[in-house]
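Each reported figure results from applying straightforward, stated rules to the coordinates on display, with no laboratory input. Given the structure is predicted, the values throughout are model-derived calculations rather than measurements. Neighbour counts run over all protein chains shown; Cβ positions are idealised from the backbone, glycine included.
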Amino acid sequence: MVNPQVAGTAEILRATQKDEEYMRYLRNLIGDITQRCLGIPFYLKWKDFSATFSDALFFSLTTLSGLQTLGEEYTNIIQVDRSLQSIPSKWARFTDIGLRTIGYYFLLRLQTSLENELSSISTAESDDEEDPCITHLKNYLLIIFKAITVLQRIHLIIFYLNGSYNNISKRLIGIKYLVIRRWLVRPEHQKPYKILGWLAASQLLLNLAINMYNVKTKVSSAPAVQKENNPSGKGAATSQNQCSLCFEKRNSSTATPCGHLFCWSCITSWMQNKEECPLCREAFPPSKLIFLQNYY
């Protein structure tokens, strides 16, 4: 292939959005079949797995079979390996699909299970002093989950600026996109995404600076707080009143339609990039967010 034209951010995003439309239709179809055949309680229990299975089925029938997805056909792009000379191997495509679907599903399940387990342990020991090992474990897990969120945002920023990889699995494996019809590519279409990338980078740096300042403030004020009339730590962030995005005590609690709680600022910032719940991936528009009055 002579002088291949690498697809830009605009082409990849249009393909992803088109694929998402068909994937959403397939999720709803399989969900409806599951409800009719196995009942609503079963579907509600396995709703996340049903959505993951639908996504894996979609990519298995297209990418794994060596075909373009419907979104890729719509924007005239095709997947290639790092050399830009041939399509990815079947093993590379299989790994990509596995990480994007099954891998992401088990990561969320692991995070939820660990949070629930630590919550139950903390509740059982609420009347006594918490085990230092549990405290250290919780802190390490919070750091890991927060680091994953930051890495996802950094990856998104790089994608907006560079436009090569639209998800982390493709970046790890080295799967890129080429444009089949080069004359359809317009360089001016990429400029708004570069601006968006710099804005997202500025927001990330600002959030990191604020978090570092908050941590420094809490560390310096910890001795003074312990001397006040709150020896049991009731004002501290626990798993019940903690935001799963910033891992701090929730401010201006806001509920999603699926029932998860976040800070108002955290969930609105998240919705600017993805209109779905960060924990269960249920899709909904920002207008469905519910700001909770007098709830902490």
Net charge within 13 Å of Leu289 by Cβ-Cβ distance, Lys/Arg positive one each and Asp/Glu negative one each, not counting Leu289 itself?
-2
Hey, how many Å between the Cα centroid of segment 135-182 and the Cα centroid of segment 74-113?
13 Å
Once both labels are modelled 7 Å past Cα along the beta-carbon direction, what's the Ser89-Glu188 spacing in nm?
4.4 nm
Could you give the length gained on full extension between Lys274 and Ala209, defined as 0.36 nm per residue of separation minus the Cα-Cα distance, in nm?
21.1 nm
Honestly segment 1-40 on the Cα gyration tensor test (a ≥ b ≥ c root eigenvalues; a/c under 1.5 rounded, otherwise a/b vs b/c for prolate or oblate) is just prolate
Members of Lys18/Lys47; Lys138/Lys216; Lys216/Lys288 lying beyond 29 Å, as alpha-carbon distances in this model show
Lys216/Lys288
Where Lys and Arg each count +1 and Asp and Glu each count -1, what net charge lies around Leu26 among other residues with Cβ under 14 Å from its Cβ?
-2
Treating cross-link reach as a plain straight distance, find the lysines whose alpha-carbon is under 18 Å from the alpha-carbon of Lys90, omitting any fewer than eight places away in the same chain.
Lys170, Lys176
Simple spin-label model, 7 Å along Cα-to-Cβ: Asp32 to Tyr74 in nm?
2.0 nm
Could you list Tyr105, Tyr177, Tyr25 in order of exposure, starting from the residue whose Cβ has the fewest other Cβ atoms within 10 Å?
Tyr25, Tyr105, Tyr177
